[in-house]
Structure formats: structure tokens, C-alpha cells
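The block underneath contains the structure these notes are about, expressed in C-alpha cells.
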Amino acid sequence: MRSKILAFMLLAAIVCACGISHDGPPKGNGPEPEPLSGVFSGKLGKMTFDGDGSTVIVSLTGKAATLCPEGAMEYAFTYGARGLCRYDVADRLVLSKDDQNYLFSVQKADGVVLELNKDDVDLVLSKQ
């Protein structure tokens, strides 16, 4: 009887250890939103997304101008180190230009407002 209980416990432990885990970014609710498109602007500049899901034109002013270069850049939204994700669940925005990456934390990205933070500079950009 003891050996059956031990065998059952061992089998249960193996099944639990082999359970499915999801280490990727969160899935989000509902269908995936369309890529960002249009001009998002605020007090510290603007970002113009062309709708292809990968290109943005950045023009920042004031203290935000030191955060990254101006001009056309590639972008991607990520969830920590878990990989690429849709912007409505992202916690990071990565801008890339000339093999340099510029990382912003995402407070909100919903297709109407982008709230980004980097080096204690808060960028609040609303869709125009």
C-alpha cells in the first residue's frame, strides 16, 4: 500500500512539473489592435507612426530631446524580457536607430494616448 501511495505521489509530482507554463507576454483582451498610425504629440514633442507597425518619426523638445535622436526610427513594444507584444499590454517601447536602442517604459498605450517615461522625463503624447 505504501509503495502505491509513493508511486501516486511521484506521478502527481511529475505531472505538476510538466504542466504548461506561459513565459511570453500577456495576450491582451479582445482582438489585436491595429498598428499605431498618425501623430501623437504633447508638450515635449511628437511621434508620428506611419501605420506599418515598425516605423516612427521622433521629434522631441526640451529636456526630452536628450533621450533619443530625432528622425525616422524603428520601434517595437515589449513586455519585460518576455518578448514582443501588442502595444496595449506593453510595458516598454524600444526605439532603434543606427544599431542603438533607446528604451522607454510604457505607462499607457491605447491608440489614443501614449504615456512614456525615461530618465525621469514623462512624455504624454495624445493622438492628433
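Every number in this text was worked out from the coordinates using simple rules, so none of it is lab data. In this text the structure is predicted, and so the values were computed from the model without any measurement. Cβ sites come from the backbone with ideal geometry, for glycine too, and all protein chains shown count toward neighbours.
Within the straight-line cut-off of under 19 Å between alpha carbons, the aspartates and glutamates reachable from residue 63 are 115, 119, 120, 122, sequence neighbours fewer than 8 places apart in one chain being disregarded.
A simple spin-label model places the labels of residue 108 and residue 37 2.4 nm from each other, with each point 7 Å out along Cα-to-Cβ.
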